[in-house]
Amino acid sequence: MKRFKFRLEKILELRKYRERETEIALGKAVGELNEIERKIADIAEERLRMAQFVPNGTADILAFDRYIVRLDTTKAAFLEKASRAERIVEEARTLYLEASRDRKVLDSIKERQQKEYQDYIFAEETKELDDIASGVKARRLAAGGGV
């Protein structure tokens, strides 16, 4: 008997490839978002640490104020980047889920066709074995021997 051949195998391979590519893109987007969130946490930690700083004069107070303003400005910029990165992550997640769904559809079609093929092969083999068994029985009866 010939082997099972899925006619849409090349399309399935392309969909697997697309799914893998979108998974990689999603991973990169999540990684970038995590990096931005880590930087925001570092800034918050630095600001907390600076809250314990005790200035020694007017120059220290001015420098301290400027440093806090710079930390706040940097944090605001990173929050904006995080917002954009979250949108990119959501878009990448949507693309990945779509690619995954497309691949799963073809996988289920392949599995169903493979099962149907295996059932067909089993039925054909059963018929052949029945034909062989009944042929042996018929030859024995024709030869005059018993069963």
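Some points to look at:
- When Thr58 is tested against (1) more than 30 Å from Lys28 (Cα to Cα); (2) surrounded by 10 or more Cβ atoms within 10 Å (Cβ to Cβ), just one condition goes unmet, and that condition is (2).
- Flag for Arg101 being closer than 30 Å to Lys127 by Cβ and surrounded by fewer than 16 Cβ atoms within 10 Å (Cβ to Cβ): no
- The set of residues in segment 1-20 that are charged (D, E, K, R), within 16 Å of Ser108 (Cα to Cα), free of Cβ contacts under 8 Å to residues at least 12 places away in the same chain and surrounded by 12 or more Cβ atoms within 10 Å (Cβ to Cβ) contains only Glu13.
- Glu116 vs. criteria closer than 16 Å to Ala29 by Cβ, exposed (fewer than 15 other Cβ atoms within 10 Å of the Cβ) and not hydrophobic (A, V, I, L, M, F, W, C): no
This table checks each residue for (1) touching a helix residue (DSSP H, G or I) at 6+ places or on another chain (Cβ under 6 Å); (2) farther than 30 Å from Arg112 by Cα; (3) modelled with pLDDT of 95 or more.
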site: Ile11; (1), (2), (3): no, no, yes
site: Lys28; (1), (2), (3): no, yes, yes
site: Glu45; (1), (2), (3): no, yes, yes
site: Leu71; (1), (2), (3): yes, yes, yes
site: Ala82; (1), (2), (3): yes, yes, yes
site: Tyr96; (1), (2), (3): yes, no, yes
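- The residues in segment 108-135 that are free of Cβ contacts under 8 Å to residues at least 60 places away in the same chain and not aromatic (Phe, Trp, Tyr) can be counted, and the count is 17.
- Residue in segment 80-87 that is over 23 Å from the mean Cα position of the chain (by Cα), surrounded by 15 or more Cβ atoms within 10 Å (Cβ to Cβ), over 30 Å from Lys127 (Cα atoms) and free of Cβ contacts under 8 Å to residues at least 24 places away in the same chain present: no
The values are calculated or read from the model by the stated rules, or taken from the named source; none is laboratory data. If you're wondering where the values come from, they're calculated on a predicted model, not measured in any experiment. All Cβ positions, even for glycine, are placed from backbone atoms using ideal geometry, and neighbour counts span all protein chains on display.
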